[in-house]
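Below is one structure, written out as C-alpha cells; comments come after it.
The values are calculated or read from the model by the stated rules, or taken from the named source; none is laboratory data. What you see is a predicted model, and the numbers here were worked out from it, not measured in a lab. With ideal geometry, Cβ positions are generated from the backbone for all residues, glycine too; neighbour counts draw on all protein chains shown. Quick note on the areas: whole protein, heavy atoms, side chains included, nothing else; ligands and nucleic acids left out. Shrake-Rupley method; radii C 1.70, N 1.55, O 1.52, S 1.80 Å.
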Amino acid sequence: MSTAPTVPYRLEFSVEVPGTPEQVWDAIATAKGMSAWFTPTVLEEREGGSLHFDMGEGMGSDGHVTRWDPPRRLVYEEDWAALMGKDPDTLSPLTSEFVVEAQSGGTCVVRVTSSGFGIGAEWESQWWDTLAPGWLPFFDNLRLYLAHFPGQTATHLEVSAPHPGDAGTLWSTLSADLGLHDEGATVDLHGSTGTVERLGERQALLRLTSPVPGILSVYTWAAEDGTSIAGVRAYLFSPDAADYARSEEPAWRARLAGLTVPA
C-alpha cells in the first residue's frame, strides 16, 4: 500500500539579472539557454513538453513542462522519487516555477520557487537542506551568461577528482593551487586568463576572457562515501571551444587528481 505524501517542502528566492524579458526567457526556458549556465538540458519548448537534465556520470532528472507562458512564466515538474531512487508512490513531483518581471534600467527579476511533498523522512529534509546551496550558485552563472554571452551556445568542460578528507581542507588546497584569493583578481589557469567574479564557501566563479571566453566554476563538495570531490565546470563560447575543451580536459584532470591535501 502506498503512503500519500503529506509533508510540504518549499524553496523560494529571487535574482536580478541583466537583459530584456525575452533574453531572460531564452536563457531560462530553452534547452540552448539552460545548457549555457546550468547543466546540459533537453527540453521540448511547449506546455506538456518533456525535459531532461543531464547531471553527468549517467545521472539525470526527467520531467515535463506544466506551464509555458513566454516570456513571463515557466513551470515544470521533475520525478523527484526516481531522481532519489525511491518508491514513486511516496513522493509528489518536484515542481519548479520561474517568473520573469521586467525592471527599469534593462534588468529583470527572476522569482524561483521549488516545492514538493514527501513523507517526512530524514533523508528528505537533508536533501532539501542541500538544495539551496547547491542550486543558488548557478544563478551567478546566469547573471554572467546574460551579461556577456546572451544567446550564445555553450560547449561544456567538466572534470572532477576524489580525495580523502573533508571538503573544506580540499577547498583550501584547491583555491591556493589555482590562486583564487580575491574577487576581481586576474588569474592564469593553464594559459587561460580569467577574472574572479565571486568567491563563496568552497566555490569560486570566474569569467574566462582568453584564449576562449566563457564561465568557469571551481568547487569542492563532500561525497556520501566520506571522500571529497574537487571539480571544475566550464561553459565555453567560441567556434574553437570544442577543440579547446578536448585539449584542456587532460590537463585539468591531472591537476585536480594531483592535489596534495594535508592529512
ask   = Could you give the accessible area per residue of segment 4-112, probe 1.4 Å, as a whole number in Å²?
value = 48 Å²
message = Test of the criteria: in segment 161-245, which GluC sites (Glu not before Pro) are in a DSSP loop and have at most 14 other Cβ atoms within 10 angstrom of their Cβ?
response = E183, E201, E224
note = Computed for segment 162-259: size of charge dipole around the Cα centre, +1 on C-beta of each Lys and Arg, -1 on C-beta of each Asp and Glu, debye to nearest 20, value 100 debye
ask   = With each run of n ≥ 4 DSSP H residues scored as -39500 (n - 2.57), what mean residue ellipticity at 222 nm is computed for the chain after dividing by its residue count and rounding to the nearest 500 deg cm²/dmol?
value = -9000 deg cm²/dmol
request  = Rounded, prolate or oblate: pick one for segment 98-165, where a ≥ b ≥ c are the square roots of the eigenvalues of its C-alpha gyration tensor, a/c under 1.5 means rounded, and failing that, prolate if a/b is larger than b/c, else oblate.
outcome  = oblate
ask   = So for the chain, taking the charge dipole from beta-carbon charges (+1 Lys/Arg, -1 Asp/Glu), which of W123, S92, Y76 sits furthest toward the positive end?
value = Y76
inquiry  = Run the numbers for E57 and T153: contour at 0.36 nm per residue of separation, minus the present Cα-Cα distance, in nm.
reply    = 32.3 nm
request  = State the percentage of accessible surface on the chain attributable to carbon and sulfur atoms; use a 1.4 Å probe and exclude ligands, DNA and RNA.
outcome  = 50 percent
inquiry  = Taking the Cα centre as origin and putting +1 on Lys and Arg beta-carbons and -1 on Asp and Glu beta-carbons, what dipole magnitude results for segment 4-88, to the nearest 20 debye?
reply    = 180 debye
request  = List, largest first, the extents of the alpha carbons of segment 130-243 along their principal axes, each in whole Å.
outcome  = 40, 29, 27
note = Note on segment 67-191: alpha-carbon gyration tensor, axes a ≥ b ≥ c; rule is a/c under 1.5 for rounded, else prolate if a/b larger than b/c, else oblate; result oblate
ask   = Using a ≥ b ≥ c from the Cα gyration tensor of the chain (square roots of the eigenvalues), is it rounded, prolate or oblate, where a/c under 1.5 gives rounded and otherwise the larger of a/b and b/c decides, a/b for prolate?
value = oblate
